[in-house]
1. Please give the number of the condition V263 fails out of (1) modelled with pLDDT of 90 or more; (2) loosely packed, with under 13 Cβ neighbours inside 10 Å.
2. Give segment 303-327 a look and list any residue that's crowded, with 19+ Cβ neighbours inside 10 Å, within 7 Å of the ligand (Cβ to nearest atom) and in a loop (DSSP other than H, G, I, E, B), or say none.
3. Can you tell me which condition G280 does not meet? The list is (1) modelled with pLDDT under 90; (2) near the ligand (Cβ under 9 Å from one of its atoms), and all the others hold.
4. Go through segment 169-199 residue by residue and tally those that are of a type in the set (K, R) and outside any loop (DSSP other than H, G, I, E, B).
5. Could you grab me the full set of residues in segment 101-117 that are more than 24 Å from the chain's Cα centre (by Cα) and surrounded by 16 or more Cβ atoms within 10 Å (Cβ to Cβ)?
6. Limited to segment 194-213, what total is found for residues that are touching an Asp or Glu at 6+ places or on another chain (Cβ under 9 Å) and surrounded by 23 or more Cβ atoms within 10 Å (Cβ to Cβ)?
7. Among (1) assigned to a helix (DSSP H, G or I); (2) more than 30 Å from R172 (Cβ to Cβ); (3) of a type in the set (S, T, N, Q), where does S91 come up short?
Amino acid sequence: EIHRHTRGTMYYVGGTIGAILACGLLVTLLGIRIVGRPLQQLIDKTERIGEGDFTQPVTLSGRDEMAQLGTALNQMCDKLKRQRAQIEEESKARVNAIEQLRHGDRLQTVGRLASGVAHELGTPLNVVAGRAQLIAAGQLNETQVCESATAIKAEADRMAGIIRQLLDFARRRKPQVSAVDPRDVARTAVELLGPLAQKHEVALVCDGQDAMFAQVDAAQTQQVITNLLVNAIQASPTGGEVHIGLDAVEATRPIAEGTSDVVAPPLQCIRISVLDQGSGIPETDLPHLFEPFFTTKDTGEGTGLGLSVSHGIVEDHGGWIEVESTPEKGSRFMVYLPKS
Ligand code: ADP
């Protein structure tokens, strides 16, 4: 009797455990199907959103909370996609506007140089006209004709060189960083500004320049040096000197006043300094120098773009500009460009 009772109880307990296990398995399988898979899809989608991938919407059937969450995620992705496209368009427009501004600044410099260049072209043109007249008169022997033709060719090459430099400077081009020797860039800028310096009777002096290389955009660097030199020439008295120096230094970006920036680590930089003996800059003007359209020059003389454009270019290169100035004594602008 006891045995039968025990066996019955065991069957009963075994059956119950079997039923519980079967129910557990069923619940697990249903749970995976109803909750696990959709949840995994939502997790995958969230991870993709986190990585900036707004494609592949989640497709959850049904009308439960999971499906609603999936729809909300899809709608959020659509909105983010539209906003991203808008931001891309706006930043493209901003880059274009900056490029236009820089191009405008280059054209303004070309305008400032034009009268000096016209003057510079006058001398070789006179030589060409004079020599051509001699040849046309037919009074030269063969050797003299050869000499005159050679002189005409040399002067024509000189004029072509001046015009090429000017056009090269004015040309619009895409930013392009490469290994550049800043001395070559400075030399080109000094040559380009020769006529303007002559017109103002100012001497451009290149100080000791070490051999060095930096990863910069050559055309933009030339634009910065040109802007600083034009300002220095314009501020200089007749007979004054403008010095341009280049050296390699280890420097730390200064902390802007009133900010909570931490001290940055020192950088290997090239330093381009432009020193003049001009009118100097009043202390009240110093905080405004790099603001767009800040100018103390007469209308037609200055637009206030040069320093703000230069500042933008130097910042794009990860560098900065420092200014020291003493009214009535002169100013020194120092451009720091990280080597790489
Ligand atoms: P612009 O030359 O068209 O006025 P910039 O942005 O190049 O524009 O210069 C802004 C102002 O900074 C100038 O109008 C001038 O007052 C001042 N400035 C710049 N460089 C010098 C300098 N070397 N000496 C004296 N003043 C300067």
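1. With (1) modelled with pLDDT of 90 or more; (2) loosely packed, with under 13 Cβ neighbours inside 10 Å applied to V263, the lone miss is (1).
2. Matches in segment 303-327: L305 only.
3. Failed condition: (1).
4. 3
5. Hits for segment 101-117 are R112, L113, G116, V117.
6. 1
7. Failed condition: (2).
Listed here are the residues, each with its yes/no results for (1) in contact with a helix residue (DSSP H, G or I) (Cβ under 6 Å, 6 or more places away or on another chain); (2) under 30 Å from Q68 (Cα atoms); (3) hydroxyl-bearing (S, T, Y).
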| residue | (1), (2), (3) |
| --- | --- |
| I17 | no, no, no |
| C23 | no, yes, no |
| L26 | no, yes, no |
| K45 | yes, yes, no |
| G50 | no, yes, no |
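The values are calculated or read from the model by the stated rules, or taken from the named source; none is laboratory data. Keep in mind that this is a model prediction, so the values were computed, not measured. With ideal geometry, Cβ positions are generated from the backbone for all residues, glycine too; neighbour counts draw on all protein chains shown.
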